[in-house]
Each structure stands twice: as C-alpha cells, then as structure tokens.
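Heads up, the thing below is written out as structure tokens.
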Amino acid sequence: MVPVLFLVSIVIFSLIHLTPGDPVITMLGEEATLEARDRLRAQLGLDRPLPVQYAAWLAKVVTGDLGRSIRTNQPVAEAITERLPVTIQLAFLAMAIAMAIALPVGIIAATRRGTFADIGSTVMCLLGVSMPNFLLAVFLVYVFSLTLRWLPPIGYISPVQDLLGNLKGMVMPAVTLGVFAAAATARLTRSSLLEVLGQDYVRTGYAKGLDERAVIRRHAMKNALIPVVTVVGLQLGNLLGSAIVTETIFALPGVGRLVVDSIYQRDFPLVQGVTLYLAVIFLVVNLIVDMIYAYLDPRIRYS
Amino acid sequence: MVTRRDLLKGALGTGVLLLLTACGSQPAAPAAPSKPAEPAKPAAPPAKTESKPAESKPAAAAPPPQPALTKEGSGQAGRPQPGGTIRIALSSEITTLDPHLSTSSQDRQIYQSVYDSLVRLGPDLNPAPGLAKSWEQSDPKTVVFKLQSGVKFHDGEPFNAAAVKANVDRMKSHPRSLRKGELDDITSVDVVDELTVKFNLKGPSSPLLSLLTDRAGMMVSTKAAEAAGDDFARKPVGTGPFKFVEWVKDDHMTLRKWEQHWEKDADGVQLPYLDEVIIKPIPDGTQRLTAVRTGTVDMIDTPPSKDMPALKTGTELKYSEQPGLAYRYIQINVKKPPLDNKAFRQAIAWSIDREAINKAVFFNVGQVGYQAIPPSSFAFDPDFKPYTPRDVARAKAKLAESGVTDPKFTGMVPNTPEDKQLAEVFKEQLTDTGITLEIELLEGTVLGDRALKREYMASINGWSGRPDPDGNVYNFFHSKGAQNRSDYLNPEVDKLLDAARSTYDNAERKKLYSQANELILDDSPIVFSQHRPEVKVMSQRVQGFVHVPDGMMRLWNVWLTK
C-alpha cells in the first residue's frame, strides 16, 4: 500500500502544481506589486523547486502533519475530519439504498429471465444509469420539498443533534446517488448470476432436490457476487470522494465540495491533503474488497 | 498484495477528479456572478461637514429602520419585535473573515454584520454616519472624523481614535493587505484625542469616503488580530452588530447578537433586533430559491434570472430589486492585433444588439448597459447610449475601414451557464458583421491569471461594481487602474479621471465622467452589454431590510414577525 500511496502522492502533487493558476495572485489580487507577490510566494515556500517542495511536504505528511490551508489557516486534517461524517454517512446510505434495490432486482431479473419483470427491470436500470443525477435531484426536490413539503431541500444536520432531521436531509441526496449505483449493480448482478446459474454445480443442486431459494442463496449467489463486490467497492470509493454534484445541489458540507473549492482557490496544501485522503480511501476499500473475495470464495487465499 | 489494478483505481480516481475540476466543469465555482479578486475602489460623494442632524438621544446616530423597497411598498408590519434567528443563503462560500485581506466580493456580506465601517453607505449611495458620527474637512487634504462614543470590540477592547490609526496602519503595512491601494491617498493618520482622528491626504480624494464604507473602512480589533495571526481569518473580532460564533465551511456560519453594540433605534431600543444570524452557502440558484420557498431559509441572495419575472409579480415571497452597480462587458486587450485597431473594436461595438441580449440571456430583468457608470449613480447619464441601435451596416463599414483581413479573435469566458450563453449570443451577433469570435471556456482562477499576464485577446466577464463612479471607471480605464487589463492608455482620459478624483463637487465630477465616457466609448477598450439588477428574495416574515444597491446584507435593522 505504501509504495502506491507514494506514487499517488507524486501524481497529486505534480498535477495540482502544474495546473495553471497561481494562489499568490488569487490571494493578493491584481494590484499587488511584484515584490509583494514574491514575498508571499517565498513565505508559502512556493518559490522553491517543485521536488524540494514535494520533499518538504512529504516529510511532514509522514509525521501525520498535512499542513494548513493557505486561505483560512485551518489545519488540513481538521478540514477533512470536519467533513468526513457527512461524506461517510452519505456514501453508506447511498450504498445501502443501492444494495437494497440492486440485489433483489438483479436476482429476480436473472431467475425470471425474459419475463415482464426482467424486461421492466432492464428498462428501469437503463433509465437509472443514463439519467444525470442532477436531474433526478431537481425532480426529487420538486416533488418532496416544493410540492409535498416533506423534506428540506438543502442542508445538513448532525445526527447527534437531531437524528430524524438528519435523515430527512440525507434521504434525497442518498437516493440521488444511490439510484445510479443501484442500476449499474442490478445489471451486473443479473448477468453474473445468469452465468453462474448455467453452471453444472447449480444443476447438481437442483438435482439433489434443493429448492430454488437454497440453490441461489447458498450456492449461486456466493460465486455471482464476486464481480458485484468488485464494482460495489469501486462505487463506494467513488461515493466517498466525488459526490460533488450531489453535495453542491443539496448544499452538503462534504469532502467533494472541499476538494473542488480548494482547487478553485489553488489552496495547494488542502488539495494535496484531500486528494491523498481520497487515494487512501480507494486503497482501503480495495483491501476490504480483496478480503471479501476470500470469504465468498474459499479458493482465493492470500498468503 | 498491491496490484496494478489498485494503483490504477487510486490514480484514476484522483486524477480524473483533478482534471474535472481543473476544467471547471462543475457548477460549484466559488465565484459569484460578480467577479471576485477585485481591489475595491468604491466611493461616494464628497465629504463635507456634519452629515448627521443632531438628535436628542446621544447613541441614536443610526437612521431609523427604513422600510425595504419591496413591491408591497412598505415592508413594515408594526413595531419592530426583537429576537429570533434569521437564516440567510448566499450564492457561494466566503473566503476569509479578515476584511483587510479579503479578495472576494462575497466576503463583504458577512463583514456588514461582524464589523462596522467608519462610514456607512446609504440607500442613495451617499455616505452616512457609521463608527464615525460626523466628519469635517478643514481643507481638501485633511478629513477629521468624530467617532461614536462607548463603542466596544467583541473582545471588550474599546474602539477609539487609536484603534482607527492602528487599523489604517495595519491595512497599509500588512504584507498580504489588499486594501493598501485603496488607502493610497492617505499619507498618515493622527490621533487628535480619544474620539477624534485626522486623516492626512496626498491631495483631494473624492472616492475616499465611499471606500471607507467598504472593507477599507472596516475596523478590526488589531489586538485580537495580532494575537490570532493568520487564524484571524477564522476568528474575527469587530465592533459590528453581531459577533462571530462558529464557521463550518460550506455548511453554515453562526453570528450572535452583540449585546453591547453601540447603536439604538429611534425609540431607544437596542440594535440589532435579531438574536442570531445563520448564513448558509447554497451554490445552486434554483435550490436557493427552493430553500426560501419552503421556509428552510428566510432570505436569499440573487435568485436565477429566469425566475425573477415570476417572483416580481408573485405574492408568496418578498422581492426586492435595486438597479445594481455591476456591469457585463467584453474587455479587449488593445495590444493584441487585430484588436489594437480602433476601427475594428468599433465594428465589434456596433455589432452587439444589447436589447436582444438583455431579453434573451437575462429575461429582461436587467438594464441594457452602455457604459461603466451604474444607473443608480449620481454621475449616470441616461441619454448616453453609444452604438445604439445596433447597426450591422455601420459595423461592416468600420470593419472595412479597419483593413483587418482576418477578422477573428478569441474570448475567454468563465465556465458558468450564464456566461457561456452570453458569449454564444455575442458570437452569433458578431457573425452578422463577418467577425469570428472563438469562445474559450476557462475556470475563474485561470482566467484571472491569464488576464493579469495579458495572455488573452478578449475577456467576456463582469464587474461587481462600486458605489462611487471612480470604482467603475478609473479602475478600468485609467492607465494606472487596477482592472485595466486592456492596457488602455489615453492621456486625455487619464487627465479627466484624475480631475474627477480630486474634486469634491458632484456636478463637476459628473461632467468630467461624461467627457471621459465619450472618449472611452470611442476607443472601445471595453464593449458594454448589461447592468445586472441587485435582487434579494425574502419570506414575508422579514421586516425592515434596507436594500442598498451594493447588495450587501445589512442586518442591524432587520427583524422577524413571529
């Protein structure tokens, strides 16, 4: 994991520093003299060669110090942890919604292949995958906030403060995010299960008198889930970092908005810190996915 | 254990994210439609003697709560009721709470509550008493301010003449100060006595008072600022009607009533009326409007243009509109051929159909723009309408006269839906003349960077505007103007604008600006298109909001019905 993070950190660092746009100009405005700009640049350490800057940053990161935002002086770690609860809740809620829809729909579509239910689910999935999530968000807000007045259109309330209020605020963003994941996962579940259902050991299962539920639940699903778990893992990684559109529409203070704002302001320490966090998330989720493989399929062993 | 797949996933995820945002394809741009990063040059008419009639109550220097200029006529519903929490939605997050280091015009929305300015800006754009209850000019190079007594910073420190001096010194010496240029006309500040402070000027400076209504006039507790260092950006201490409580970026900011605020209303009731202010950034315009419609917030900034006509006539919400100070333009780099050719620039100006733009892009909610001076300004001349009506034949004649053989230029455009749409209409209209406009969509930061380095031909953008004409004109057309990214130089214009700066006579200034405008528009370093209206939408509960055309939320007189 460490070498990967190391490589990722180099990529992050180079990308953001090579992107046009100068934080010093954003901070000092256009009227500032060249001298004032140089002074600030030196103060921020931006006048040093990139490799030197990288080394200095890395040396601190290794000790757990992600630095401070050059705009608000807030420690980067604090900025991230402030937003983590929102992002984690949103991602897991979206994932839960996605799974709750995807697995039953996928299984039904596979076992009732060619029936009305299968075709119907295919159409719904296609719609779910191709509808941009901002459109879905607008639709949900129109129905549930403006017309029915059941849910607030924006905002985040901490669950510790008010659990019901928190859920009310999170439902629409989670559905917005979850529908896409659900549609993609349902399709994958269907095709993966179909493939497994055609295999010999499933026929053996039926032959020895097991009913359909037992065959699917105990034998077929375990194998069919391997590709599904891979995709779900990837999607979860995505949800944890890049729910930017959804966060913006519902004005949620999540990590996605943090990273976008910090990029717009060329707040280098913040961008580097947050993207590094995203990389760690991807790696951790991957690790978990790998461990789930071993559980699902005992033939997979890590030594 | 780490496979190539892991690596790819990680790198892809973050890389794609970076690219996406670097291209600015997300609607989450921090910049409000009015562009950030502008050293302000506001101003207001001249400073002369006591501008506040004596009142019996010593502390009641503030004007009595005035009704908001809403369509219902009067926003008042009986006597102000103290208490309550107002929830406000802004179009973007602010960048810093330190007014002296602020680059974004959005920041000023909060400063109006946390800080007091030496001078306040009245609804008529004239200076009104603020922390300075009166001022006097013994000669054109000296302004003496008498300060309010009994004013305290939120940390308990007294506000006095020494505090004013310390603030000016801070703005002039802080290495990251953005106010240095604005206070350039001040040579020194003398503490005369506890509550009297004297500003010594380089020469007469008509925009000065107006500048002091904005960030350059915001008084911070310099003691707290020194103690906090860079953290002052998150831990502000002012004298304003509300003190800072907490700021969770992108979520909310909470301000609470400052119990020892110096101001009382006409009946002697302590201001502010409200107990608490909660400010939320809601970047999406439609969602902002939904939030006020559903009662999630009480007041919002800038609804989407498309919704304005319906809001104007609707009764569900209060709609308040003022002619704004902002303008939209095509700024031209006059050093880049073929744009260095005056006739070519005039051909562009003649090609633009401003009426059609206001209708098609802005739903007729704004005012057609012909010049830099905003319609609400004393210097505005409503009859000055150059390059109108649109005349394609003349545009073609000008193009022929210019001798430009390849009439083509590239315009940088901020990547927002409205800017993009505007640019496309420009492009279409220029095609009629035979001029090709190539649109280059850029993220705000990159656009600013390129403009500063003059690595551009034309920039299709907007300016948030300033109350004094100087801030809208000098800034862009004087050879030393901070926003003169055209590199425009006309010695005649320079002379006129310098003269307008150094006289305190508004009639004289208006004349000078008119003369300058004739020359500027003839040279056309900027092609104007529209003045955006300044709009706030409120729930019916919100009372007493005084809407000043600068669009800042001044909350000390605001109260809520139960």
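Compute the Cα gyration tensor for the stretch B:173-279, then decide on rounded, prolate or oblate, letting a ≥ b ≥ c be the square roots of its eigenvalues: rounded whenever a/c is under 1.5, prolate when a/b is larger than b/c in the other cases, and oblate in all that remain. Oblate, because a/c is 1.5 or more while a/b does not exceed b/c. Of all DSSP beta bridges confined to the protein assembly as shown, the antiparallel ones make up roughly 75%. In plain terms, the residue of A:245, B:558 with the fewest other Cβ atoms within 10 Å comes first and the most crowded comes last, giving A:245, B:558. Taking the Cα centre of the protein assembly as shown as the origin and placing charges on Cβ (Lys, Arg +1; Asp, Glu -1), which of B:244, B:144, B:341 is farthest toward the positive end of the dipole? So the residue we want is B:244.
Once you sort the root eigenvalues of the Cα gyration tensor of the stretch B:280-354 as a ≥ b ≥ c, which label holds: rounded (a/c under 1.5), prolate (a/b larger than b/c) or oblate (the other case)? Since a/c reaches 1.5 and a/b is larger than b/c, the shape of the stretch B:280-354 is classed as prolate. Before anything else, pin down the relative contact order of the stretch A:83-296: Cα pairs under 8 Å, at least 6 apart, normalised by residue count, whole percent. Relative contact order, the stretch A:83-296: 28 percent. Distance between the C-alpha centres of the stretch A:46-99 and the stretch A:219-235: 31 Å, rounded to the whole angstrom. Within chain A, the whole DSSP H helices whose Cα atoms reach 20 Å or more along their own axis and whose mean Kyte-Doolittle score is at least -1.0 are A:2-18, A:76-111, A:116-130, A:163-197, A:221-239, A:268-296. Based on every Cα atom in the protein assembly as shown, Rg and the maximum pairwise Cα distance Dmax equal 29.7, 108 Å. Once C-alpha pairs closer than 8 Å and six or more residues apart are averaged by separation and normalised to the residue number of the stretch B:353-417, the relative contact order reads 21 percent. A Cβ-based charge dipole, computed about the Cα centre of the protein assembly as shown with Lys and Arg at +1 and Asp and Glu at -1, lands at about 1920 debye.
Residue B:457: net charge of surrounding residues, Cβ under 11 Å, Lys/Arg +1, Asp/Glu -1, itself excluded? Let's see the in-between values first.
Details: positive: B:335, B:336, B:408, B:450, B:454; negative: B:340, B:438, B:440, B:455.
Summing Lys and Arg as +1 and Asp and Glu as -1 gives +1.
Under 26 Å of direct C-alpha separation, and excluding same-chain neighbours fewer than eight residues apart, residue A:208 reaches these lysines: A:222. Volume per residue of the convex hull around the Cα atoms, evaluated for chain B, comes out as 167 Å³. Here the stretch B:98-136 and the stretch B:270-333 have alpha carbon centers that stand 21 Å from each other. Other residues with beta-carbon under 12 Å from the beta-carbon of residue B:417 carry, at +1 per Lys or Arg and -1 per Asp or Glu, a net charge of -2. When the C-alpha to C-alpha distance is required to be over 27 Å, the pairs from B:306/B:335; B:141/B:180; A:168/B:249; B:235/B:257; B:306/B:336; B:152/B:480 that qualify are B:306/B:335; B:306/B:336; B:152/B:480. Computed over chain A, the percent of Cα pairs more than 31 Å apart is 45. Helices in chain B, meaning DSSP H runs of at least 4 residues, each add -39500 (n - 2.57). Divided by all residues, the mean residue ellipticity at 222 nm is -8500 deg cm²/dmol. This ranking places A:285, A:123 by how few other beta-carbon atoms lie within 10 Å of each, fewest first, which gives A:123, A:285.
Mind sorting B:556, A:57, A:150 by how few other Cβ atoms lie within 10 Å of their own Cβ, fewest first?
Values: B:556 24, A:57 21, A:150 12.
Least crowded to most crowded, the residues run A:150, A:57, B:556.
Spin-label model, residue A:300/residue B:187: points 7 Å from Cα along the beta carbon direction are separated by 7.9 nm.
So what's the stretch A:2-62 giving for Rg/Rh, alpha carbon basis, Kirkwood Rh from the mean inverse pair distance?
Details: Rg = 13.7 Å, Rh = 12.9 Å.
Rg divided by Rh gives 1.06.
Any read-out appearing in this document is the output of simple, stated calculations on the displayed coordinates, not a laboratory observation. Every value quoted in this text rests on a predicted model; they were computed, and no experiment measured them. Cβ coordinates were reconstructed from backbone atoms using ideal geometry, including for glycine residues, and neighbour counts include every protein chain displayed.
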